[in-house]
Amino acid sequence: MLADRQGRLLTSYVSDYVVFDLETTGISCSKDDIVEISAISVKDSKIFDEFSTLVNPLRPIPYYASNVNGITDDMVADSPVFEDVLPQFLDFIGNSVLVGHNIHSFDLKFLYRYCNSFYGRTLGNDYIDTLILSRAYLPNIRHHSLTDIALHYDIDTVGAHRALNDCAMNQKIYEKLKLESEKSSGSPVAVKLCPRCGNILKKRNGRFGVFWGCTSYPDCRYTENIFD
């Protein structure tokens, strides 16, 4: 839903939500564009509906991006532009809580940018980032990419890096992480956000001990001392 302020980052489980994912021309949230957007609506922890479309970015898709997601210029040539897709997506998600992997630092920034560009407003839906939950509940796995977590749970990764397939994978992962949260007495994960850029602060080790450092480093170099 469109709003005057961005939604809140949540860390506790909800049973009704929309999982969404983007494929893009690159990794710059301010300069790159969307080439695919998909979403899965979940009611009472069960898949209810889905939304998916390719998007014409009105620019060539770089080889390195196509090499990851398999989406080429020919595939999107007759697809709608995002200005036409966004209202359909907003209708699909309504006021639902959004769930996605690394959406706090990546996917949502694209949507905030487009909402502001087209409507002069932002996206007000609260959201849950499974990357944050995974780092909290699965500290013993080395990497926390969507496919790494899926492999950890023996979830099929065929078709990874296409938006709808990633949504289906992420929905299963989110339900698995719910079980992890129940093992931890169901307490919400404590998250500390950077006051400078809004990204997540992470405990790091330095010459003078442990400190809070922004996960956007080196783009954001905010740090904060941790006092005993």
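Kindly indicate the residue of the range 119-167 that is out of contact with any Asp or Glu (no Cβ under 6 Å at 6 or more places or on another chain) and of a type in the set (Phe, Trp, Tyr) and also farthest from VAL191 (Cα to Cα) among those meeting that condition.
Looking at residues that are out of contact with any Asp or Glu (no Cβ under 6 Å at 6 or more places or on another chain) and of a type in the set (Phe, Trp, Tyr), I get TYR119.
From the list PHE118, PHE89, PHE106, which one is in contact with a Cys (Cβ under 7 Å, 6 or more places away or on another chain), part of a helix (DSSP H, G or I) and either outside the structural domain of ASN165 (by TED's automatic domain parsing) or not hydroxyl-bearing (Ser, Thr, Tyr) (or both)?
The conditions single out PHE106.
Does SER96 fit the bill of being in contact (Cβ under 8 Å) with a residue 24 or more places away in the chain, in contact with an Asp or Glu (Cβ under 8 Å, 6 or more places away or on another chain), farther than 26 Å from SER216 by Cβ and not in a strand (DSSP E or B)? Before you say what the answer is, go through the steps one by one.
On the way: in contact (Cβ under 8 Å) with a residue 24 or more places away in the chain: yes; in contact with an Asp or Glu (Cβ under 8 Å, 6 or more places away or on another chain): yes; farther than 26 Å from SER216 by Cβ: yes; not in a strand (DSSP E or B): yes.
Against the criterion (in contact (Cβ under 8 Å) with a residue 24 or more places away in the chain, in contact with an Asp or Glu (Cβ under 8 Å, 6 or more places away or on another chain), farther than 26 Å from SER216 by Cβ and not in a strand (DSSP E or B)), SER96 qualifies.
Pairs under 9 Å by beta carbon, first residue loosely packed, with under 15 Cβ neighbours inside 10 Å in the range 126-142, partner aliphatic (A, V, I, L, M), six or more apart or different chains?
Going by the 9 Å Cβ cut-off, the qualifying pairs are ILE141/ILE149.
The values are calculated or read from the model by the stated rules, or taken from the named source; none is laboratory data. Everything numeric in this text was worked out from a predicted model, so none of it was measured. Don't worry about glycine lacking a Cβ; one is built from the backbone with ideal geometry, like all the others, and counts go over all protein chains shown.
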